[in-house]
1. Find the accessible area per residue for the protein assembly as shown; the probe is 1.4 Å, ligands and nucleic acids are left out, and the unit is Å².
2. So what's the protein assembly as shown giving for Cα Rg divided by 2.2 N^0.38 Å, two decimals?
3. Kirkwood Rh, Cα Rg: Rg to Rh for chain B?
4. Just to be sure I follow: if Rg is taken over the C-alpha atoms of region B:43-142 and Rh is the Kirkwood radius over the same atoms, what is Rg/Rh?
5. Going by accessible area, probe 1.4 Å, with all protein chains left in place, what is the ranking of B:K170, B:K40, largest first?
6. Need one value: the accessible area of A:T40 in square angstrom, 1.4 angstrom probe, rounded to the nearest 10.
7. Label A:V17 and A:V29 with points 7 Å out from Cα along Cα→Cβ: what is the distance between them in nm?
8. Top to bottom by accessible area (1.4 Å), largest first, where do A:F328, A:F30 land?
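The values are calculated or read from the model by the stated rules, or taken from the named source; none is laboratory data. All values reported here derive from a predicted model rather than from experimental measurement. Note that we place each Cβ from the backbone using ideal geometry, even for glycine, and neighbour counts take in every protein chain shown. We work out accessible area using only protein heavy atoms, side chains counted, and drop any ligands, DNA or RNA first. Shrake-Rupley method; radii C 1.70, N 1.55, O 1.52, S 1.80 Å.
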Amino acid sequence: MESFEPYEEFKPIPLPVLIIAVALALWGVFTLLDNGKAVTVGRAERSDQIADQHANRQNGAELFVSRCATCHQPNGSGVEGAIPPLASSPFLKASPEVAMHILLNGIDGPIRVGDATFEGHMPSFASVLSDADIVRLVTHVRGTFADRHDLLTEGDVATARLLAGRRGAWQGGQEIAARLDASLGPQPPMSSATQAAIDPIAQKLVSQGNGQTWACASCHGMRGQGSASVPRLAGLPAAYIAKQLGDYVTGKRRNETMQLVARTLKPQDMRRIGDYYSVMRAPSNARASLGGDLVRGERLVLDGDWARGLPSCVSCHGPSTFGVAPSFPALSAQHPEYTAAQLTAWVSGTRDNSTGRLMNGIAARLNDADRRAVADYLATLPPVPAPATRGRTNGK
Amino acid sequence: MNRMVPLAILALAILAFATLMLVIAPAIQIRSEAPTPGLKPYTAQQLRGRTQYVAQGCIYCHSQQPRSIDQAPDAERGWGRASVASDYAYDRPHLLGTMRTGPDLFNVGARLPSRGWHLTHLYQPRAIFGWSIMPAYPYLFERKEHAEPGDVVIILPADRAPKKGVIVAKREALDLVAYLQSLDHTFPAPTRAVRDDGYAEKGEPR
């Protein structure tokens, strides 16, 4: 042995180090278990949420109150000259398929109930009510107001729903009587004056653009339904759309893409596009997607929260938030990403163009959870029915 | 060096344990995941576009993994719901990305569906967003005196348009845009999907 190989004598690991190591290991195991619980809780909560949204457990009477009574009145009496009564309505006395098809497609034309004729503007509830909901609602309404008790099955609704996507609203009572049930008796015909003449210039602008900018439909869709951050335009007031386009030019409303588009449009183009979209009717493709509390959302939309100085949405945007022309747009069936983004834009100042700057204050008083709740709830409402101004194009 | 063999065994054991927990176990966990209902396989054109997405380096600045609402307001930005493992069933390899210098693109097809918009934006992002820091990709386009039949002419504001002729998209640009338009995962995630549940307390939105 010429050289000495150095070596360390055996020394045990110091006790504090051992204690720290054991503590860390225990902490790791605890975190694992704790996180495992979070997964279980998360899954259970999510399935509850999905179950709540998709298989709404409301019974027929509750569905009637939340979905129908605003217009048809809690006692089914309707509103004279505006909303047809349900009580002893021939449409309810007819086969249950009639009420089902009306709920799925909506009505857009004159109908006769009893001795009175009504200009029908009923939204389609296809995106709002599940098959089971429609069965419960039709059973309740026909039992209560027409004393009819023959039943509809969920299968019937599912079959009819497939067809509902392809055809638009019923064009008045005559079409319903001819297609569904002759026992409805004589119904008023759809007058040609109420059928909107499609403006070919607006149609070209929307579907192909003007050569200087992208076509409206390339983002907003061929039926004006929008998607995610791209708003639904179908059924918004004509004057509202024209005003927004004008505000993009002046900078009162800021969005880089839309500002570029609006600068290529002449004022008369803006009015034409507004008129075109205002009479457009398309099924809803919006879905609650922000994880908002729908019950809280419904309360804010219908009642507001006066303790926080929040008026209800319906007090300005009209019953069912279908909009009040010319200033207040429809909010129903709007994509929640878009609604939430606008509520944020009023706070940040990128949008500053609401009537009397009302929205600036309201948006500032909404917190994150409430903003999501409102946006999500509005997405669950039926799309706006054809407006009463239908047919009176280019009048503004 | 003393105790070479035990040291080597211990080192290998630690590596094997890490591989088991970080590679093998997750692989077993997601192997049986069927594609999310609603997810479509890529078309040939979209796959070519996907190659462009990789080749142009989009992945360095753009992620494809929206977070749940308790981690980031991605849903409110229009970036979509939190992604789940089965959303990536046709992505080999996945293009999750690690950086968000630009916005998440997992649902860009729903948020920005216009082909014309994307072509303009790829040719010159600053034609739309004056403040954008995204590189321009002019070499995916060419200038022609006149558009030929079948050419896709891109729309440019007057100050960005060429003095003479038109800008048309090359096939690479059209492929890339087809891929971007296909990025639409707005269908609902299955309840039992493998996903990150975050650390949200009971009752919080996620």
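1. 52 Å²
2. 1.17
3. 1.11
4. Values: Rg = 14.0 Å, Rh = 14.7 Å.
Reported Rg/Rh, Kirkwood definition of Rh: 0.96.
5. Highest to lowest solvent-accessible surface, that is B:K40, B:K170.
6. About 90 Å², ignoring ligands and nucleic acids.
7. With each label placed 7 Å out from Cα toward Cβ, I get 2.2 nm.
8. Per-residue accessible area, sorted high to low, gives A:F30, A:F328.
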